[in-house]
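S.K.: Attaching a single structure in structure tokens format; questions to follow.
The values are calculated or read from the model by the stated rules, or taken from the named source; none is laboratory data. Please read these numbers as outputs of a predicted model, since none were measured by experiment. Here the Cβ positions follow ideal geometry from the backbone for every residue, glycine too, while neighbour counts run over all protein chains shown.
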């Protein structure tokens, strides 16, 4: 005996079957106002915006009866003319025509009955509709960063639908297209005195993906890889990757973008700021290197009260440093001793001799050569040109000092800041450092003091 639960179950199945049963095709002519009913063509008007003929039940605007008894229909005109009978699509002499437009195939893109907008675009967004044909872009849309119009599904922000003058049906070419949205960038470039070559050429796509990318700002690769894909001829990549001493910021994180701007700047080499200011963004405080060393802060280079070393005064850190990488410690372009004492030879002081005459150290007689002399005796020669000579750093600061000629007040010697005790006179001066007693010198009347009487700390 069937239970009450089974009766309810079969009753529900019967009702469902009845509700969704497809009605029999009419065998007689049907008034057009009866085409859309609860049983027939139910969804033809189920749109936010309904096509005009559908809205007024003028189905015969597009359809005509082929066989009344079979209730079959054909289009009133040739496929390419059904839409263009009302909608005049004039491609004029456009250089590029969308293929469906050229073949008169409107229906892959437009629903003839209605849609979410007056254009009756198929799918939830324009992007959904475009992807039905442009399937090769589906994988690209899985990337991490989508271009704004792509994310919004608004392909028409960059492309025209039917015909246009530019490749890929773009609304404009290259930079002109990008600047229609990126107006701030356009304003920046108007002020720029130096522009990146791809920007000058109007080829934003040389660095950026137009639809989606796995990298921030839709770039085609991480900064270091992207920049060196062009700048390899300048050997920057080779230097940065193979140099014995690497500048840590050059190839990691923002890499080139740490110091340079990508589009346009008011400073040469697309620097974000004056070179010294760019360097001080990191070097205004001590920096610990990957090998555990500590690079001292050099904030003194911006102190207006100090006397600056020539390259620093010119704002050119690269006067002494190779900013991308070097084979000499401290990223120096040439050798310069790190220690207080060093055996003298030209190679050890190659950095200094880039600008300074080596005679300052090699000539015993210094009249007319330097003011640091006792009579004519060259006191640079006395201090430096020996087996255990004092290096330039023993008396001079390489960046900036409160004294003339970049003389130090103190010099690091181990853990001790050793005072120099320099006093200037009209014709010479004296010093009383921790390495020897007070000695004086006079350019006019030699003091005839011994050449070496220093203690050896």
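S.K.: Say we look at the stretch 81-101 and pick out the residues that are within 22 Å of residue 134 (Cα to Cα) and surrounded by fewer than 13 Cβ atoms within 10 Å (Cβ to Cβ); which of these is farthest from the chain's Cα centre (by Cα)?
M.R.: The selected residue is 99.
S.K.: Pick out the one residue from 180, 219 that is at pLDDT 90 or above, surrounded by 15 or more Cβ atoms within 10 Å (Cβ to Cβ) and either under 16 Å from the mean Cα position of the chain (by Cα) or not assigned by TED's automatic domain parsing to the domain that holds residue 151 (or both). Write out each step before concluding.
M.R.: Working: 180 fails: surrounded by 15 or more Cβ atoms within 10 Å (Cβ to Cβ).
None of the other options fit; the residue is 219.
S.K.: Got a sec? Which of 357, 347, 426 is under 47 Å from the mean Cα position of the chain (by Cα) and in a loop (DSSP other than H, G, I, E, B)? Don't jump to the end; show me each part of the working.
M.R.: On the way: 347 fails: in a loop (DSSP other than H, G, I, E, B); 426 fails: under 47 Å from the mean Cα position of the chain (by Cα).
After applying the criteria, what remains is 357.
S.K.: Hey, does the stretch 330-338 have a residue that's at pLDDT below 90 and under 17 Å from residue 396 (Cβ atoms)?
M.R.: Applying the first criterion (at pLDDT below 90) to the stretch 330-338 yields 338.
Restricting the remaining residues to those that are under 17 Å from residue 396 (Cβ atoms) gives 338.
Scanning the stretch 330-338 turns up at least one residue that is at pLDDT below 90 and under 17 Å from residue 396 (Cβ atoms).
S.K.: Is it the case, given these coordinates, that residue 134 is assigned by TED's automatic domain parsing to the domain that holds residue 103 and touching a strand residue (DSSP E or B) at 6+ places or on another chain (Cβ under 9 Å)?
M.R.: On the way: assigned by TED's automatic domain parsing to the domain that holds residue 103: yes; touching a strand residue (DSSP E or B) at 6+ places or on another chain (Cβ under 9 Å): no.
Criteria not met by residue 134.
S.K.: Related question: Are there any pairs with C-beta distances below 7 angstrom linking a residue in the stretch 423-434 that is surrounded by fewer than 12 Cβ atoms within 10 Å (Cβ to Cβ) to a residue that is assigned to a loop (DSSP other than H, G, I, E, B), with the two at least 6 apart or on different chains, and if so which?
M.R.: 427/443; 427/444
S.K.: Name the helices (runs of 4 or more DSSP H) wholly inside the stretch 1-84 in which the number of residues that are farther than 26 Å from residue 118 by Cβ and modelled with pLDDT under 90 is 1 or more. Give the steps one after another, and end with the answer.
M.R.: On the way: elements: 4-19, 52-55, 79-84.
Here the list reads 4-19.
S.K.: Sticking with this structure for a sec: Can you name the residue in the stretch 364-385 that is within 18 Å of residue 349 (Cα to Cα) and touching a residue at least 60 places away in the same chain (Cβ under 8 Å) and is also surrounded by the most Cβ atoms within 10 Å (Cβ to Cβ) among such residues?
M.R.: 382
S.K.: Here's another thing I want to ask about it. Against the condition in contact (Cβ under 8 Å) with a residue 60 or more places away in the chain and not assigned by TED's automatic domain parsing to the domain that holds residue 398, how does residue 280 come out, does it pass?
M.R.: Numbers: in contact (Cβ under 8 Å) with a residue 60 or more places away in the chain: no; not assigned by TED's automatic domain parsing to the domain that holds residue 398: yes.
It is false that residue 280 is in contact (Cβ under 8 Å) with a residue 60 or more places away in the chain and not assigned by TED's automatic domain parsing to the domain that holds residue 398.
S.K.: What's the number of the condition residue 136 fails, among (1) assigned to a loop (DSSP other than H, G, I, E, B); (2) at negative phi?
M.R.: Looking at each condition in turn, residue 136 falls short on (1).
S.K.: Filter the stretch 267-303 down to residues that are at positive phi and surrounded by 15 or more Cβ atoms within 10 Å (Cβ to Cβ), then give me how many there are. Talk me through it step by step, then tell me what you get.
M.R.: Here is the first cut: in the stretch 267-303, the residues at positive phi are 269-270, 292.
Subset that is surrounded by 15 or more Cβ atoms within 10 Å (Cβ to Cβ): 270.
Residues in the stretch 267-303 being at positive phi and surrounded by 15 or more Cβ atoms within 10 Å (Cβ to Cβ): 1 in total.
S.K.: Right, another one. Within the stretch 182-220, how many residues are touching a helix residue (DSSP H, G or I) at 6+ places or on another chain (Cβ under 7 Å), over 18 Å from residue 272 (Cβ atoms) and not in a helix (DSSP H, G or I)?
M.R.: Within the stretch 182-220, residues that are touching a helix residue (DSSP H, G or I) at 6+ places or on another chain (Cβ under 7 Å), over 18 Å from residue 272 (Cβ atoms) and not in a helix (DSSP H, G or I) number 7.
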